[in-house]
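Laboratory data are not the source of any read-out in this text; all were calculated from the coordinates shown. No experiment lies behind these values; they were computed from the predicted model shown. A quick note on method: Cβ atoms are made from the backbone with ideal geometry, for glycine too, and the neighbour counts reach across all protein chains shown.
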Amino acid sequence: MLLFAAVAALFLTTADAAEPTTTPPAQVRYVGETMSYSLHATMSQSIAGDDAFGRRISQTSAPTSLKLHERISITKTTPEDLGMHRLGSITATVDGAKPVNKDGQGWTTVNNAGIVLHDSGKLGGLFLLPLPFLADAAMHDGQDLTVGDTWSGQLGTKLYGMTARPHLKFSVTAERLVGDTRVYSIDATGTVPMKEPVMTTSGEPLGYATGMASVTAHLEYDRANRRIVSMRAQLTDVLHYKGPTKRASGHVKDHQQCEVSLDQEAAAGTQTQADDPAPSRLP
């Protein structure tokens, strides 16, 4: 069940609208710019407690492995926000099940502070991870970065199961040159409230699990071009569930980790032009 829930979450989760913030300086993006990201993630879950009939549950689902690829095309730039059209694909696998392959597209608006204002289509969930960092003021309010800098803020989007955007503390730990590009190493840690449906491997619903999750991330960030070069992120939690009867209660443990990387051509600094900078929407 985790396999198909993961695929559904990745393609059906959309970002909530957020209020625009004060307008910072103009974006460095340009209409027609394209870039591609690849992502690999693993998700696992265990449940311990009682079902609706008071029967004991102790189960660990087989980990789900996800491979994603996304091509992002900038379709609009203003001092306030960015518009994007995105094409993506995902392959989800789990031991003992046939891999699930899906293609999709989406349209997203991100404001200058890196908050996802609007998202539609079928590329939600983990596909949203690189997008906030494309905004001019997404990191440290757009200020120059120096080793030792620290600041706090919310990630520009929330993912499946999150009831708010994660609140993170960022710290610049190193900087280096990659070719002609100056890349900053940034560590982030924080928490986020969670609420997710719980189901046994046999398909029995157990209600909703709630609680707080811990988030850690390591980012390699290209400040000049306002983009993530690579990112490793991990989410862990212990959530408590209550089901349709008083007997159904227990806890759920989740572990999710992912690696995001900019494709090599873009990482080397090569700029590309979109084939269709203003594609028509799905019917």
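Here are a few things to note about the model shown:
- Think of each Lys and Arg Cβ as +1 and each Asp and Glu Cβ as -1; about the Cα centre, that makes the dipole of segment 147-237 roughly 240 debye.
- As a proxy for reagent exposure, ranking Arg29, Arg55 by other Cβ atoms within 10 Å from fewest up yields Arg55, Arg29.
- Label-reachable residues, segment 197-239, where backbone N falls under 18 Å from a point 7 Å from Arg55's Cα toward its Cβ: 198-207
- Over all other residues within a Cβ to Cβ distance under 15 Å of Asp51, the charged ones net out to +3, with Lys and Arg as +1 and Asp and Glu as -1.
- Ranked by how many other Cβ atoms sit within 10 Å of their own Cβ, fewest first, the residues Tyr160, Tyr221 fall in the order Tyr160, Tyr221.
- Positive minus negative residues near Thr93 (Lys, Arg vs Asp, Glu; Cβ under 14 Å): +2
- Segment 213-254-segment 92-121 distance, computed between alpha-carbon centres (Å): 16
- Violating pairs (Cα-Cα greater than 26 angstrom) within the set Lys102/Lys169; Lys122/Lys195; Lys67/Lys158; Lys76/Lys169: Lys102/Lys169; Lys76/Lys169
- Segment 2-270 - charge dipole about Cα centre, Lys and Arg +1 at Cβ, Asp and Glu -1, debye rounded to 20: 800
- With θ taken as phi - 60° and the Karplus curve 6.51 cos²θ - 1.76 cosθ + 1.60 applied, the whole-hertz 3J(HN,Hα) list for segment 87-99 is 10, x, 9, 9, 10, 10, 9, 8, 4, x, 10, 6, x Hz, x standing for glycine and proline.
- Residues Leu235, Leu82, Leu87, sorted so that the one with the fewest Cβ neighbours within 10 Å comes first: Leu87, Leu235, Leu82
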